[in-house]
1. Of all accessible surface on the chain at a 1.4 Å probe, what whole percent is carbon and sulfur?
2. Please go through the range 123-198 and write out the trypsin sites (Lys or Arg not before Pro) that DSSP classes as loop and that have at most 10 other C-beta atoms within 10 Å.
3. Checking the cross-link filter: which aspartates and glutamates have an alpha carbon closer than 12 Å to that of K91, excluding same-chain neighbours under 8 positions apart?
4. Using the Karplus curve 6.51 cos²θ - 1.76 cosθ + 1.60 with θ = phi - 60°, work out ³J(HN,Hα) for each residue of the range 4-19 in order, rounded to whole Hz, and write x for Gly and Pro.
5. I need the shape label for the range 1-70. Rule: rounded when a/c is under 1.5, else prolate if a/b > b/c, else oblate, with a, b, c from the alpha carbon gyration tensor.
6. For the range 79-115 and the range 1-67, write down the distance between their C-alpha centroids in whole Å.
7. Testing the spin-label approximation: label points 7 Å from Cα along Cα→Cβ at S165 and N206. State their distance in nm.
8. Going 7 Å from the Cα of Y173 along its beta-carbon direction, which residues of the range 62-105 have the amide nitrogen within less than 20 Å of the resulting point?
Amino acid sequence: MTKSIAIAGIHTGIGKTIASAVIAEAINADYWKPVQAGIEERDTVLIKQLLTNGEKRVHPEEVVLSQPMSPHAAANIDGITIDLTTFKWPKTNKTLLIETAGGLLSPMSASATMADFIAYYQLPVILIVQNYLGSINHTLLSIEVLKSRDIQLLGIVISGSENESSETFIEQYAHVPIIARIPYFDRLDNESIAKCAARIKQSLLNIPM
C-alpha cells in the first residue's frame, strides 16, 4: 500500500478539509475521502478546485451517501452497508492523505468509528485542532483514543486562530508537537492554499514518518 496519512479531527466542522488541501499541496500528496455523507457539498469537489492539478490528485469516494448526517444514519436511510474492511484503495505513487469525518469516535459505519478505520489500516495520523472553549478536553481525549489503539500521532495542526495558553498546555501535557498552523482564509482559492502550503512545507517535510 502507498504511504498513507489519516487527517483526523477533534470535532466536526473544525477545518479538516481545508487543512487536507493545504497539507496535500505542501507535500505534493493525493487526497481521498472514503465516505462522503451528503451530495450537495462534496469535499472532493472542493479539493479538486483548491489543489494544483486537482483532477488527477483527488480520488473518488468509496461510499457516497445522500444525506448530510452521520454516516451510520445516512447509510441506513440509503439502504447501504458500509464495510471498511473491503474498501478499494486508490492507486497512486504519491503519499495519500485520507480525510476522516467528524471526530475520532464519530461513526464510519453501523459498527465502526473513524478511529477503528484508522487502526484497521494502521494509518499514522495528523490531528487537526481548533481553539475553542472545550478544545483542550477534546484534544486530549482524542490523543488518548489514538494511544489506546496504538495509532501513531505525527503531530497537531492548528486550524484557525492561535491560543498560546491552550496550545502550550496541550504540548506539555500530551508531549505532542504542534507542527503547523493553518489560518482562516479571507479568500479561499488555489492561490491562497498554495501560499499557505509554501509557508508550512518545511515543517511538514521534517515530520518523522
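The values are calculated or read from the model by the stated rules, or taken from the named source; none is laboratory data. Just so you know, these numbers come straight off a predicted model, no measurement behind them. Don't worry about glycine lacking a Cβ; one is built from the backbone with ideal geometry, like all the others, and counts go over all protein chains shown. Ligands, DNA and RNA are stripped out before the accessible areas are found, and what is left, the full protein with its side chains, is counted by its heavy atoms. Shrake-Rupley method; radii C 1.70, N 1.55, O 1.52, S 1.80 Å.
1. Working: 5090 of 10260 Å².
Its accessible area is 50 percent carbon and sulfur atoms.
2. Working: sites: K147, R149, R181, R187, K195; in loops: R149, R187.
The qualifying sites are R187.
3. Cα-Cα hits under 12 Å: D30.
4. Once θ is set to phi - 60°, the couplings for the range 4-19 become 10, 9, 7, 9, 10, x, 7, 6, 8, x, 10, x, 4, 5, 5, 4 Hz.
5. On the way: a/c = 1.56, a/b = 1.37, b/c = 1.14.
Prolate shape, in that a/c is at least 1.5 and a/b is the bigger ratio.
6. A separation of 12 Å, based on Cα centres.
7. With each label placed 7 Å out from Cα toward Cβ, I get 2.8 nm.
8. Residues passing the 20 Å test: 103-105.
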